[in-house]
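K.L.:
A single structure is presented below for examination.
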Amino acid sequence: MGAGGPQPTDLITLSGHLDGRCSTEVRDLINGHLARHCDEDLRLDMSEVESVDLTVLRLLAAIAVRLRRDGHRLVLLRCQTPLRRVLTHGVLPRLFVVQRIPPGG
């Protein structure tokens, strides 16, 4: 898993296969970011994410619930089509804001 640190726009970039083996790294990265930006929505660039397993989906769901409780949102940006399909079914659309890759980007 490649987890880039916060970018100049306070955007966290995730990449690769997100599964149980990297969930601690993802959680620590996000918690560190939230400690510095506690009064903002959390924005994750998912454009380079190839897959996400149930462990990481549960982690993201728990973070989304925590953010919502504090009046903020978890925004998943630039999700590839297969990942976006997974994230827009069932209860997940109520937890995340999922944005498509803009045309030409």
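Coordinate-derived values only; no laboratory data. A quick note: this is a predicted structure, and the numbers were derived from the prediction, not measured. Glycine gets a Cβ as well: all are built from the backbone with ideal geometry, and neighbour counts include every protein chain shown.
K.L.:
Starting from the Kirkwood radius over alpha-carbon pairs of the chain, derive D by Stokes-Einstein at 10 °C in a medium of 1.306 mPa s and give it in µm² s⁻¹. Walk me through the numbers on the way to the answer.
P.N.:
Numbers: Rh = 13.7 Å.
So the translational diffusion coefficient is about 116 µm²/s.
K.L.:
List the residues, sorted by chain then number, that are 5 or more residues from residue 73 or on another chain and whose placed amide H is less than 5 Å from its amide H.
P.N.:
The answer is 41, 42.
K.L.:
Mind giving me the FRET efficiency for residue 25 and residue 94? R0 is 41 Å, r the Cβ-Cβ distance, nearest 0.05 is fine.
P.N.:
Working: r = 27 Å, r/R0 = 0.65.
FRET efficiency, residue 25 to residue 94: 0.95.
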